[in-house]
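Have a look at the structure below, then the notes.
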Amino acid sequence: MASSTQASVMVKGVPWMDDGSIVLRAQHTHFRVHKSVLARNAEVFADMFEMPQPDGSSDDQDVVEGCVVVEVADDPVELGHFLRAMYDGWRYFKHDIALPFEAITGLIRLGTKYQAPHLRDEGTSRLPSVLDSLMNCDESSSTPLELHKRRCAITLANLAQTHDLEAFLPQALYACCQIPEEHLREGLPHAKDTAKEREDLALTLLPINLSRVQHAKPLLAAHTAAILHSMSTTLGTTKACRRAHSDDDDTSRPQCWSAAIPAPGSVALSNPIRWLQVWSGSVVRAWTCSPGCVMNVRAFGAKKEEEVKRNLAGFFGLPARTSAATGLGKAQSQAVV
């Protein structure tokens, strides 16, 4: 007689279809679904169901509500999103509805594993908007939001390396450059011992990606220093700016652009994008000179930021290729980070 999973210890996940024909179990979570839906969406399941299947009569075969249980080595949260995408279709993928980060990684990871390319593509289409938010990580902060961003950055860098997503690797590695190196090697620290925090301690950057980050950080810092050096010959040259300073009795007063340069150590030089954003924002808020100067500062910052993004692959020793365009995801799809 077949064994049955006890209701008292069984966790029903979503989706749970009362008329389903098979139960997938990921860790302790069970999903009752239809073989036909799995086979229609994923080639691996289609191939599996073409072979003779157990009928649940064996003594060592686990059965739940008359359905044979198939154990899968997947994250239950990711698997839930993957299965919901199969059932809900266009309603799940409406681009005005944000998808959680775990849904995006689940679609990519399981879409690859079970050969469901249309689901993998849906997950991949959400990556640009995620990466846009990660590019602005604050390396000096340890708020829950920043810790979540770091978790996302490490996960995406590893996923890009292992799942043929090289176009997204430079942006993910750049976000990892803003994470303390010991956290990349040993896992993110937490004060409490919970399941999520133990999972974070186990989340480390792949060795090949860690080497790329170590290679890039001094190059990024040198690039920021070069940007700083170029400011003196590019900014403060408008007529209004020169006139304002020529009429100023205090000749030691720094020009508007240089007075707002971030203090040493306040923003890591290995984060030129955030360094430029902090600097230009400070100039605009201070407004110590002419409108022309503010326009020049904004244009200079935007140009230099775009240069960093355009040449990002080179900092990490990656082949020159067309990187995934940041900003694309905001227009086409949404994601929750």
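The values are calculated or read from the model by the stated rules, or taken from the named source; none is laboratory data. As the structure is a prediction and not an experimental result, all values here were calculated from the model. When we count neighbours, we look across all protein chains shown, and the Cβ atoms used for this are built from the backbone with ideal geometry, even at glycine. Quick note on the areas: whole protein, heavy atoms, side chains included, nothing else; ligands and nucleic acids left out. Shrake-Rupley method; radii C 1.70, N 1.55, O 1.52, S 1.80 Å.
Details
- Residue list for the range 162-177, restricted to those being open to solvent by less than 30 Å² (accessible area, probe 1.4 Å) and either β-branched (Val, Ile, Thr) or more than 17 Å from THR112 (Cβ to Cβ) (or both): PRO170, GLN171, LEU173, TYR174, ALA175, CYS176, CYS177
- Some residue of the range 49-59 being modelled with pLDDT of 95 or more and aromatic (Phe, Trp, Tyr): no
- Qualifying residue in the range 4-12 (condition: at pLDDT 90 or above, open to solvent by 20 Å² or more (accessible area, probe 1.4 Å) and either under 20 Å from GLY111 (Cβ atoms) or small (Gly, Ala, Ser) (or both)): no
- Residue within the range 46-63 that is open to solvent by less than 30 Å² (accessible area, probe 1.4 Å) and assigned to a helix (DSSP H, G or I) present: yes
- Tally, over the range 197-247, of residues that are within 24 Å of ALA172 (Cβ to Cβ), of a type in the set (Val, Ile, Thr) and either surrounded by 13 or more Cβ atoms within 10 Å (Cβ to Cβ) or modelled with pLDDT under 85 (or both): 4
- Exactly one residue among ASP121, ASP75 is open to solvent by 10 Å² or more (accessible area, probe 1.4 Å), at negative phi, in contact (Cβ under 8 Å) with a residue 12 or more places away in the chain and not hydroxyl-bearing (Ser, Thr, Tyr), and that residue is ASP75.
- Meets criteria (at pLDDT 85 or above and either open to solvent by less than 30 Å² (accessible area, probe 1.4 Å) or charged (D, E, K, R) (or both)) for GLY66: no
- Candidates TRP275, TRP257, filtered to the one that is in contact with a helix residue (DSSP H, G or I) (Cβ under 8 Å, 6 or more places away or on another chain), at pLDDT below 70 and open to solvent by less than 40 Å² (accessible area, probe 1.4 Å): TRP257
- 3 or more residues modelled with pLDDT under 90 and closer than 19 Å to PHE31 by Cα: qualifying helices (runs of 4 or more DSSP H) within the range 84-145: none
- Test result for HIS148, of a type outside the set (Gly, Ala, Ser), modelled with pLDDT of 95 or more, open to solvent by 20 Å² or more (accessible area, probe 1.4 Å) and out of contact with any Leu (no Cβ under 9 Å at 6 or more places or on another chain): no
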